[in-house]
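In what follows, a single structure is set out as structure tokens and then discussed.
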Amino acid sequence: MVSNTTYKPCDLVIYGGLGDLATRKLIISLFRLEKAGLLENDSTIIAVDRYDKTRDDFIAIAHDSLKKFLNDDIEPALWEKFQQRLNYLQMDLTQMQDYGKLKPLLSPETHVLINYLAVSPVLFKSICHGLQQAGVLNDEARIVMEKPIGHDLKSCIEINDAVSEVFHEEQIFRIDHYLGKETVLNLLALRFANSIFTTNWDHNSIDHIQITVAEAVGIEGRWDYFDHTGQLRDMLQNHLLQILTFVTMEPPVNLEASSIRSEKIKVLKALRPITPHNVEQVTVRGQYAAGFQQATPVPGYLEEEGANPDSDTETFVALRVDIDNWRWAGVPVYLRTGKRMNYKRTEIVINFKQLPHNIFKDSYKNLPANKLIIHLQPNEGIDIEILNKVPGIDGDIKLQKTKLDLSFSEAFKQNRLFGGYEKLILEALRGNPTLFLSREEIEQAWAWVDSIQTAWKTQSLHPTQYPAGTWGPITSDSLLARDGRAWEA
Ligand code: BG6
């Protein structure tokens, strides 16, 4: 992994610079990087959008965003330094002649041009061609693309083809912000720096794996986008499959981007296809109905603002995934993700196998198996559930389930946990591709997800409703119950 601490100054151009992602996440992350002294002194940040605004307007918008979302004081001296970097450019991204307006704001002799596409993928092609025609690109220029990269395999290939007419693969940085999360990266350390896990990480020791990415939020004013996308494409195609590959890939030979990516691709290729024949047994689609979130009433998906009351879009998905390779034969991975669930919770549970022989059987007919629980967010940490003898000198050995728990905030009091975007923006500025997705990886993920979408369509599998504030439809419990298992409570 390249880990140079300094890098050439950059002109970071954010297309969609006044949009939700830019104002809620990117500006905040850039300000935090400033605070950490990780923005090169001469670097600039240029927001591009279609609105008639001035540089001063953008500075005021950025300041408002920080006040709203930073959760920290805005130190005046730091803000002064940060706002010097900011600029705004009004452009119509569909108009080729508008791209010429960028030129006077860039310093190609001294700065690397980073194009951050925080806009709908329908604009990706025209942005690439506009930049090319304006003659602002050189071999150092980079493009950072936000998800969704396409809606299915076909549209993803079209976008990738269009972008690669202008940029080489090494210049393309495809973001999945989960790969910037500290706890996701820690999976590499947990698995490949600790021999107790490297030797117990396969079908011999593990019974099954659960990955839950539950959100408390609903659609938050994004009904149109979400209704066209659905939870499978919005969350599972990217974030959950990325976590899955980190948990199940073979050890890469080193930390180079190509080594890690090729191991992840092998996992994606080994995912057993979901077909019209098995889709009802291995998938669950849900949609939230009205309910209560921490005792507050919330509307159902179909009653949200701007909703089409006939929508058939899923806000919850649960799957049983089988990885057809040597390491994971017979070890199902259960994935579930949903909106408006009981509370925000992202975790991985590794359920180890039962012991082959129980010497405590006179007192305990069944010994609960060990579990490794990795809390990705919030309350980042790792728990191991073990059985311990209850201290005492009297009578039989009494066993009790106990936890070895590691809380990141306790163990690393001096270290602030960086957000996913901070890490990824910094890596893009540094030109380190390790935490970004390759073309092959993303296309492979779409191919598999397309098979689910097609199977749902063929079998006319509609979402089952679940009350907001719960863990999804009852059929999600049945998915595991059929295999004699249950979701982690
Ligand atoms: C985004 C999805 O990629 O991830 C959103 O488009 C979702 O729908 C978000 O809410 C969740 O991210 P996080 O970091 O809050 O888990």
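A few notes on this one:
- Positions within region 8-24 being of a type in the set (D, E, K, R) and modelled with pLDDT under 95, in sequence order: 8, 20, 24
- Qualifying residue in region 335-345 (condition: open to solvent by 10 Å² or more (accessible area, probe 1.4 Å) and more than 26 Å from the chain's Cα centre (by Cα)): no
- Residue selected from region 219-268 under the condition more than 12 Å from residue 441 (Cα to Cα), part of a helix (DSSP H, G or I) and near the ligand (Cβ under 10 Å from one of its atoms), by the criterion nearest to the chain's Cα centre (by Cα): 239
- Residue count for region 420-451 under the criterion of being part of a loop (DSSP other than H, G, I, E, B), within 16 Å of the ligand (Cβ to nearest atom) and not aliphatic (A, V, I, L, M): the result is 1.
- Residue among 364, 343 that alone is assigned to a loop (DSSP other than H, G, I, E, B), within 16 Å of the ligand (Cβ to nearest atom) and either hydroxyl-bearing (Ser, Thr, Tyr) or in contact with an Asp or Glu (Cβ under 6 Å, 6 or more places away or on another chain) (or both): 343
- A count restricted to region 373-419 and to residues that are of a type in the set (A, V, I, L, M, F, W, C) and not in a loop (DSSP other than H, G, I, E, B) stands at 12.
- Where helices (runs of 4 or more DSSP H) sit wholly within region 102-194, none has at least 3 residues that are hydrophobic (A, V, I, L, M, F, W, C), in contact with a strand residue (DSSP E or B) (Cβ under 7 Å, 6 or more places away or on another chain) and over 24 Å from residue 26 (Cα atoms).
- Count of residues meeting criterion [open to solvent by less than 50 Å² (accessible area, probe 1.4 Å) and not aromatic (Phe, Trp, Tyr)] in region 42-59: 8
- Within region 60-87, the set of residues being open to solvent by less than 20 Å² (accessible area, probe 1.4 Å) and in contact with an Asp or Glu (Cβ under 9 Å, 6 or more places away or on another chain) comprises 66, 82, 85.
- Candidate set: region 381-411, residues that are farther than 22 Å from residue 354 by Cα and open to solvent by less than 100 Å² (accessible area, probe 1.4 Å); chosen: the one modelled with the lowest pLDDT: 395
- Selected residue (only one of 188, 137, 179 is open to solvent by 10 Å² or more (accessible area, probe 1.4 Å) and either within 16 Å of the ligand (Cβ to nearest atom) or in contact (Cβ under 8 Å) with a residue 60 or more places away in the chain (or both)): 188
- Residues of region 88-114 satisfying the condition of being within 19 Å of residue 11 (Cβ to Cβ), acidic (Asp, Glu) and open to solvent by 40 Å² or more (accessible area, probe 1.4 Å): 109
- Test for residue 216: is it of a type outside the set (Ser, Thr, Tyr), more than 14 Å from the chain's Cα centre (by Cα) and either part of a helix (DSSP H, G or I) or away from the ligand (no atom under 13 Å from the Cβ) (or both): no
- Lone unmet requirement of (1) touching a strand residue (DSSP E or B) at 6+ places or on another chain (Cβ under 9 Å); (2) without any contact (Cβ under 8 Å) to a residue 60 or more places away in the chain; (3) surrounded by fewer than 16 Cβ atoms within 10 Å (Cβ to Cβ); (4) within 20 Å of residue 462 (Cα to Cα) for residue 378: (4)
- Whichever residue in region 115-134 is open to solvent by 30 Å² or more (accessible area, probe 1.4 Å) and over 29 Å from residue 227 (Cβ atoms) and, among such residues, is nearest to the ligand (Cβ to nearest atom): 129
The values are calculated or read from the model by the stated rules, or taken from the named source; none is laboratory data. Small disclaimer: the values here were computed from a predicted structure and weren't measured. A quick note on method: Cβ atoms are made from the backbone with ideal geometry, for glycine too, and the neighbour counts reach across all protein chains shown. Surface areas here come from the heavy atoms of the whole protein model, side chains and all, with no ligands, DNA or RNA. Shrake-Rupley method; radii C 1.70, N 1.55, O 1.52, S 1.80 Å.
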